Amino acid sequence: MVDVRGQYLNIKEEVDTAIQEVIDSCAFINGPKVKSFKANLESYLKVNHVIPCANGTDALQIALMAFGLKPGDEVIVPAFTYVATAEVIALLGLTPVMVDVDPYTFNVTADIVKAAITTKTKAVVPVHLFGQVTGDMEEIMELAEEHNFFVIEDNAQAIGADFRAKDGSVHKSGTIGHIGCTSFYPSKNLGCYGDGGAIFTNDEKIGVNIQKIANHGQVKKYHHDVIGCNSRLDSIQAAILDAKLKRLDQYCAARETAASYYDDKLSGIEGLSTPVREKRSSHVFHQYTLREHTGRRDELKNYLKEKGIPSMVYYPVPLYHQEAFKHYAPNINLAVTEQLCREVISLPIHTEMNYEMQDVIIEAVKSFYE
Ligand SMILES: *Cc1c(COP(=O)(O)O)cnc(C)c1O
């Protein structure tokens with residue numbers, strides 16, 4: 001599905017040198033590499049504060065902790081997402097309110113969010129699924145203002161994407177809400193060689209608070225103001241990320257090129273639909289996800305597997321059907337989420353892809369329908 005090794009080999013010398021520098025310096029925790037990556041990511045995203053942390057799940061948890069929410073407070077979250085988004089809400093004793101998504105973009109819309117707002121709503125977590133920013137971010141921010149809740153963008157799959165606001169200004173994904181969160185898991189669009197994550201915000205107060213929470217609730221060493229946690233990006237991962245951040249736009253472009261090629265060759269097939277672009281966002285194609293409308297998705301997956309072609313189903317089960325989550329919403333049945341769980345299939349996409357590799361995959365998909 002991805003080619004982490006191929007990508008590494010193309011930048012090996014630079015990455016190896018950066019890792020060796022960290023080992024030579026022995027500044028493994030909060031060393032100069034962490035500081036430089038933090039500063040470089042701030043300038044890339046044009047955001048005031050980046051707080052690196054241990055992984056994307058921690059980023060989401062710390063973001064929620066920054067608002068001092070109380071048990072029973074409601075947090076609106078799409079039911080069609082990776083478990084981490086809802087898991088941290090539940091872990092903090094908050095109530096996940098699982099909502100449906102748009103059938104074409106797979107993201108929540110302002111109308112969907114609006115319908116789920118109650119007096120207990122304290123936060124909304126739009127997930128920029130598969131690599132494009134939730135198109136209704138501005139409308140969701142207006143709802144937030146009106147109903148007094150916070151917006152945390154789950155940007156784990158969309159780092160590098162551009163959001164075009166109605167006034168013509170362009171914003172990097174994850175910098176539109178009150179807080180943005182991302183993951184540097186190796187297969188993510190900006191991935192390290194282990195675990196990593198980061199939290200972004202333009203708000204000075206929130207930024208200081210997040211930094212404190214991620215560091216045992218302390219600003220001054222051994223003086224703990226609040227209950228926090230220990231969540232750090234280590235220096236070796238930061239050094240690797242610094243080398244890869246310089247290439248992020250190039251990596252996004254390579255994914256977009258591969259996606260357009262798939263679009264071209266696969267769009268004519270009856271029974272299959274190619275990805276639909278959000279109106280206000282570029283697409284960085286963390287995943288290239290098709291919908292299979294003829295009820296043969298699993299058959300297609302097995303067919304490809306027999307031909308040696310990997311594919312994945314993100315995600316096969318709605319959150320509210322998961323054993324761990326079903327008590328939050330025993331009676332819901334979200335039509336689009338149900339349908340997507342039956343229909344979606346993601347094809348390999350990565351930065352080292354070429355047309356020859358794609359042709360093999362395209363021919364295999366076509367032959368399934370012949
Ligand atoms: C990967 C991912 C996460 C979690 O990131 P980790 O670094 O694995 O903890 C959260 N949300 C979404 C949508 C993701 O894709």
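The values are calculated or read from the model by the stated rules, or taken from the named source; none is laboratory data. None of the values given here were measured: they were computed from a predicted structure. Don't worry about glycine lacking a Cβ; one is built from the backbone with ideal geometry, like all the others, and counts go over all protein chains shown. When the accessible area is computed, the model is the full protein with side chains, heavy atoms only, and any ligands, DNA or RNA have been set aside. Shrake-Rupley method; radii C 1.70, N 1.55, O 1.52, S 1.80 Å.
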Checklist entry - Can you pull the percent of Cα pairs in the stretch 248-369 with separation above 25 Å? => result 30
Checklist outcome for this item: Length gained if Y222 through Y104 is fully extended, taking 0.36 nm per residue and subtracting the Cα-Cα distance, is 37.4 nm
Item to check | Qualifying aspartates and glutamates (Cα of each under 15 Å from Cα of K301; at least 8 residues distant if same chain) | outcome: E292, E343, E363
Checklist entry - At a Förster radius of 35 Å, what calculated FRET efficiency corresponds to the Cβ-Cβ distance of V170 and E306, to the nearest 0.05? => result 0.20
Checklist entry - What residue among K188, K38, K305 has the largest mean-square fluctuation in a Gaussian network model of the chain, using Cα springs under 10 Å? => result K305
Checklist entry - Residue farthest toward the positive end of the dipole of the stretch 132-199, with Cβ of Lys/Arg at +1 and Asp/Glu at -1: which of V133, T175, A161? => result A161
Next on the checklist: Using only the alpha-carbon atoms, what does the chain span along each of its principal axes? Please give whole angstrom values in decreasing order.
Outcome noted: 68, 54, 43
Item to check | Extreme residue, positive dipole direction of the stretch 248-369, given options I361, L304, Q339 (C-beta unit charges) | outcome: Q339
Next on the checklist: For a quick check, take a GNM of the chain with Cα springs below 10 Å and name the residue from L233, L304, L190 with the largest mean-square fluctuation.
Outcome noted: L304
Checklist entry - How would H171, H223 line up by accessible area, probe 1.4 Å, largest first? => result H223, H171
Checklist entry - What does the charge dipole of the chain about its Cα centre add up to, to the nearest 20 debye, if the Cβ of each Lys and Arg holds +1 and the Cβ of each Asp and Glu holds -1? => result 700
Checklist outcome for this item: Charge dipole of the chain built from unit charges on the beta carbon (Lys, Arg +1; Asp, Glu -1), centred at mean Cα; most positive-end Cα among P71, Y44, N189 is P71
Next on the checklist: I need the shape label for the stretch 225-310. Rule: rounded when a/c is under 1.5, else prolate if a/b > b/c, else oblate, with a, b, c from the alpha carbon gyration tensor.
Outcome noted: prolate
Next on the checklist: Need one value: the accessible area of R277 in square angstrom, 1.4 angstrom probe, rounded to the nearest 10.
Outcome noted: 90
Next on the checklist: If you count only protein heavy atoms with a 1.4 Å probe, what accessible area per residue comes out for the chain, rounded to a whole Å²?
Outcome noted: 44
Item to check | Residue list for the stretch 217-244, given a label point 7 angstrom along the Cα-to-Cβ vector of D24 and an amide N cut-off under 20 Å | outcome: 235-244
Checklist outcome for this item: Each label sits 7 Å from Cα toward the beta-carbon; between K46 and A115 the label points are separated, in nm, by 3.5
Checklist outcome for this item: Computed over all unlike Cα pairs, the Kirkwood hydrodynamic radius of the stretch 298-370 in Å stands at 14.4
Next on the checklist: Between V317 and N10, what's the calculated FRET efficiency when r is the beta-carbon distance and R0 is 45 Å? Round to 0.05.
Outcome noted: 0.80
Checklist entry - With the chain treated as a Gaussian network of Cα nodes joined by springs under 10 Å, which of A54, A324, A161 yields the largest mean-square fluctuation? => result A324
Checklist entry - K212: which aspartates and glutamates have alpha carbons under 12 Å from its alpha carbon, excluding same-chain residues fewer than 8 sequence positions away? => result D225
Checklist entry - For I332 and H147 in the same chain, what is the full-extension length gain: residue separation times 0.36 nm, less their Cα-Cα distance, in nm? => result 64.2 nm
Checklist outcome for this item: Expressed as a whole-number percentage, the relative contact order of the stretch 248-369 with C-alpha contacts under 8 angstrom and at least six residues apart is 36
Checklist entry - Which value at 222 nm does the chain reach when only helices count, each DSSP H run of 4 or more adding -39,500 (n - 2.57), with the total divided by all residues and rounded to the nearest 500 deg cm²/dmol? => result -12500 deg cm²/dmol
Item to check | Coarse-grained scattering of the stretch 1-137 at q = 0.17, 0.22 Å⁻¹, given as base-10 log I(q)/I(0) from a Debye sum over alpha-carbon atoms | outcome: -1.06, -1.31
Item to check | Apportionment of accessible area to carbon and sulfur, the chain, percent (1.4 Å) | outcome: 52
Checklist outcome for this item: The rounded separation in angstrom of the Cα centers of the stretch 151-183 and the stretch 329-370 is 25
